Amino acid sequence: MRVLIKGAGVAGLAVAHELAVSGIKVEIVDTASGVGTGASGFAGGMLAPWCERESAPETVLTLGRRAADWWDAALPGQVVRRGTLVVAPARDGAELRRFASRTSGFEWLDEAGIASLEPALAGRFRQALFFCKEAYLDPRAALTGLHRKLLGEGVSFRFGAEQDEEHPGFDRIVDCTGHGRINLTKDLRGVRGEMLYLQTPEVTLSRPVRLLHPRIPLYIVPRGNGLFMVGATMIESADDGPITARSLMELLNAAYALHPAFGEAQLVETGTGVRPAFPDNLPRVFESDGRIFVNGFYRHGFLLAPAMAQEVAEHIQTPGMSTAYPTLKTLRHNPREGVRL
Amino acid sequence: MLELYETNVSSRLLLGTARYPSPTILADAARASKTEILTVSLRRETAGGKQGGAFFEMIRDLGTRILPNTAGCHTASEAVLTARMAREVFGTNWIKLEVIGHQDTLQPDVFALVEAARILSADGFEVFPYTTDDLVVGERLIEAGCRVLMPWCAPIGSAIGPQNIPALRSMRAHFPDIPLIVDAGLGRPSHAALVMELGFDAVLLNTAVANAGDPVRMAGAFAKAIEAGHSGYQAGLLEPRDMAVPSTPVIGKAVFS
């Protein structure tokens, strides 16, 4: 069987990996010049389904809790399992309690607890939540690592492809083109996310830290070598233009609130990605015009791509399941049963 | 019926559209609230107004009236520009006018607000100004052409509920014929019931619903509280007194001693 995958972002690469390990011949095409040029390359890379449960439905936790193991197996050594620390300025203590009331899998930390986990934050916050089961990875390293691994598994890549070229000779086509489907796939919209990279040798963090704020919640993910990814805005727009002054100001302000030494950091990169999302902000797998579509990862690309990829692979290898099947939406009501296509 | 700029609505709940967990939940909350007016921020949610089409389409599909707002504007000219963009995008003369004067409390800049209200009213807009409970500012806004006032009862998103009840009473007494909509600061359904009992005409909510554990259920809870408070006001509330009043006459009762 030969399968063509359109799109070399996190979804396409994850699907390719699932298929390749089952011995299926896979080719990936992308109009871009390399992997992860869409929203994936601007992701935080947090495998944090317990934290995400604050605003996401249970499905995100059910499917996402397997993500760290999947990435660990696919790319040994890239997943860092040190949990997530959630803090709030003293006057926003209500935000911390609200966050706690919507989530599980955490413990409350006092000042001493915070200091022992992240000495750089000692004395800066009175209370924090620690989600010890969570993990993270560096999305760009993961994307290039997966690219290399797939090449080793015999997957072929073709970059700089034409937008609408024909694809004869494939048994199945899986479309993982993300925000490229906005205006083409019903109900798919873009949610703009802006991020930036700061570099400073003065702050050391060993895990992602989320700073709660009633208006501007943000996270900072350490990337090593004094590099920190700060993200991310959530704006209802498919505009992928440069970061706005307001967003830049808010992200920097929040970073500064987390630690004043970020005020001296160098701003080494800003970026904008457009997250594809369906109205319920959950990903879907569906078949249309003989193609399989995987889309709508919203802010959960690295978190949910493994589960979606497994389901696509299972679907392709299960004969007699080729007619229109329900989308993942049905899963909201029955999360424990896993994804049924 | 509530009349706002010659438009009659039966729901006294106006709902904001920001910061819901998902558009699906926003849509379900809007339906549960039975709101007939959704307010939409042009600035925050669009990064320039050109895009954001899919989100606006979803809101339009809910079939309610749209009240665009100028959230995030800090000067009169910014607010006027945003209002004009909103008129084009949404095809309505209605504008919820917000000019923020204080970054932290999001308190309105009432001077710039009056200025922007004057410009927009002269330009044919029907202005819903987000203001404080200050009577003089209210008068100036009416002079500027506003025929609705939207006082805060506490800072935006604070959820602390009515902070100055005498000021709200006084506002109701001074503007008996102007629709008064409490905008901002409500946290729970009882807060909404309270301001409706004071005789306010409607309530605008966003954070209290969007950030609730179950926004859909909270939308329904507020709808009931608003209706209860309004009915209570119309039914004529008893004034509290500082002594007990027996509900049946004492004189003439048999005495057993």
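Quick note: the coordinates plus some simple rules give every number you see, no bench work behind them. Keep in mind that this is a model prediction, so the values were computed, not measured. All Cβ positions, even for glycine, are placed from backbone atoms using ideal geometry, and neighbour counts span all protein chains on display.
Taking 7 Å along the Cα-to-C-beta vector as the label spot, tell me the A:Glu58-B:Asp134 distance in nanometres, rounded to one decimal.
Simple spin-label model gives 5.1 nm for this pair.
Which of rounded, prolate, oblate describes the stretch B:112-244, given a ≥ b ≥ c as roots of the alpha-carbon gyration tensor eigenvalues and a/c under 1.5 marking rounded, otherwise prolate only if a/b is larger than b/c?
It comes out oblate by the Cα gyration axes.
In nm, give the distance between the simple-model label positions of B:Asp214 and A:Glu153, each being 7 Å from the Cα along the Cα-to-Cβ direction.
If labels sit at B:Asp214 and A:Glu153, their model points lie 4.2 nm apart.
Give the shape of the stretch A:91-176 as rounded, prolate or oblate, defined through the alpha-carbon gyration tensor: a ≥ b ≥ c are the square roots of its eigenvalues, a/c under 1.5 means rounded, and otherwise the shape is prolate if a/b is larger than b/c and oblate if not. Write down the numbers at each step before the final one.
Values: a/c = 3.82, a/b = 2.75, b/c = 1.39.
Note, shape of the stretch A:91-176 comes out prolate.
For the residues B:Phe200, B:Phe128, what sequence is obtained by ranking on other C-beta atoms within 10 Å, fewest first? Spell out each step's value before the answer.
Working: B:Phe200 26, B:Phe128 29.
Starting with the residue having the fewest Cβ neighbours, the order is B:Phe200, B:Phe128.
What is the fewest-to-most order of A:Lys6, A:Lys133, B:Lys96 by other Cβ atoms lying within 10 Å of their Cβ?
By the 10 Å Cβ count, ascending: A:Lys133, A:Lys6, B:Lys96.
Excluding B:Tyr5 itself, what net charge comes from residues whose Cβ is under 9 Å from its Cβ, given Lys and Arg +1 and Asp and Glu -1?
-2
How much length is gained if the chain between A:Arg246 and A:Ser206 is pulled fully straight, taking 0.36 nm per residue apart and subtracting their Cα-Cα distance, in nm to one decimal?
11.5 nm
DSSP loop GluC sites (Glu not before Pro) in the stretch A:183-288 with at most 14 other Cβ atoms within 10 Å of their Cβ, which ones? All intermediate terms of the calculation are to be shown ahead of the outcome.
Details: sites: A:Glu194, A:Glu202, A:Glu236, A:Glu250, A:Glu264, A:Glu269, A:Glu287; in loops: A:Glu202.
Passing both the DSSP loop test and the Cβ count: A:Glu202.
Using the Cα gyration tensor of the stretch A:1-51, with a ≥ b ≥ c the square roots of its eigenvalues, what is the shape: rounded (a/c below 1.5), prolate (a/b larger than b/c) or oblate (neither)?
It is oblate, given that a/c is not under 1.5 and a/b is not larger than b/c.
If R₀ is 22 angstrom, what is the calculated FRET efficiency for the pair A:Thr270 and A:Asn225, using the beta carbon separation as r and rounding to 0.05?
Once rounded, the FRET efficiency stands at 0.75.
Working from Cα positions, state the angle (0 to 90°, nearest 10) between the long axis of helix A:245-258 and the longest principal axis of chain A.
For A:245-258 against chain A, the angle is about 60 degrees.
Using the Cα atoms of the stretch A:121-277, I'd like the radius of gyration and the largest Cα-Cα distance, Dmax, both in angstrom.
19.2, 63
In percent, what relative contact order does chain B have, based on Cα pairs under 8 Å that are 6 or more apart in sequence?
Relative contact order comes out at 18 percent.
Putting +1 on Lys and Arg Cβ atoms and -1 on Asp and Glu Cβ atoms, find which of B:Met58, B:Gly101, B:Asn69 reaches farthest to the positive end of the dipole of the stretch B:1-157.
Checked the options; the winner is B:Met58.
Compute, for the protein assembly as shown, the length of the dipole vector about the Cα centre, with Cβ point charges of +1 (Lys, Arg) and -1 (Asp, Glu) only. Units Debye, rounded to 20.
On the way: 59 positive and 65 negative charges, 230 e Å.
It works out to roughly 1100 debye.
Tally Lys and Arg at +1 and Asp and Glu at -1 over the other residues with C-beta under 10 Å from the C-beta of A:Thr272: what net charge comes out?
Here the charged neighbours net out to -2.
Semi-axes of the equivalent ellipsoid for the stretch B:1-109, please: Cα gyration tensor eigenvalues, times 5, square-rooted, ordered largest first, whole Å.
22, 17, 14
Using the crude model of +1 on Lys and Arg Cβ and -1 on Asp and Glu Cβ, and no other charge, please compute the dipole size for the stretch B:1-111 relative to its Cα centre, in debye to 20.
In debye, rounded to 20, the stretch B:1-111 gives about 160.
Could you check the simple spin-label distance between B:Ile160 and A:Gln199, using points 7 Å along Cα→Cβ, in nm with one decimal?
Roughly 4.4 nm, to one decimal.
Sum -39500 (n - 2.57) across every DSSP H segment of at least 4 residues in the protein assembly as shown, then divide by the residue count to get the 222 nm mean residue ellipticity, nearest 500.
After summing the helix terms and dividing by residue count, I get -10000 deg cm²/dmol.
Which of A:Lys25/A:Lys149; B:Lys34/B:Lys224; A:Lys186/B:Lys96 have a Cα-Cα distance over 20 Å?
Where the Cα-Cα span goes over 20 Å, the pairs concerned are A:Lys186/B:Lys96.
Going toward the positive end of the dipole of the stretch A:226-310, with +1 on Lys and Arg Cβ and -1 on Asp and Glu Cβ, which of A:Phe293, A:Leu258, A:Ala307 do you reach last?
The Cα lying farthest towards the positive end belongs to A:Ala307.
Please report, in whole Å³, the volume per residue of the convex hull around the C-alpha atoms of the protein assembly as shown.
Once divided by residue count, the hull of the protein assembly as shown is 201 Å³.
Given bins 20 angstrom wide, list per bin the percent of all Cα-Cα distances in chain A, short to long.
31, 57, 12, 0
For the stretch A:181-259, what is one quarter of the convex hull surface built on the Cα atoms, given in nm²?
Details: hull surface 25.4 nm².
For the stretch A:181-259, averaging the hull's shadow over all directions gives 6.3 nm².
Net charge around B:Ala112, counting only other residues with Cβ within less than 13 Å of its Cβ (Lys, Arg = +1; Asp, Glu = -1)?
With Lys, Arg at +1 and Asp, Glu at -1, the net is -2.
Using only Cα atoms and rounding to the nearest 10 degrees, what angle (0 to 90) does helix A:10-21 make with the longest principal axis of chain A?
50 degrees
In debye, nearest 20: dipole of the stretch B:4-44 around its Cα centre with unit charges on the Cβ of K, R (+) and D, E (-)?
200 debye
Among B:His230, A:His17, which comes first, then next, by fewest other beta-carbon atoms within 10 Å?
In order of increasing Cβ crowding within 10 Å: B:His230, A:His17.
Enter the angle in degrees (range 0 to 90, nearest 10) between the Cα long axis of helix A:93-102 and the first principal axis of the Cα atoms of chain A, meaning the one along which they spread out most.
Once rounded, the angle reads 30 degrees.
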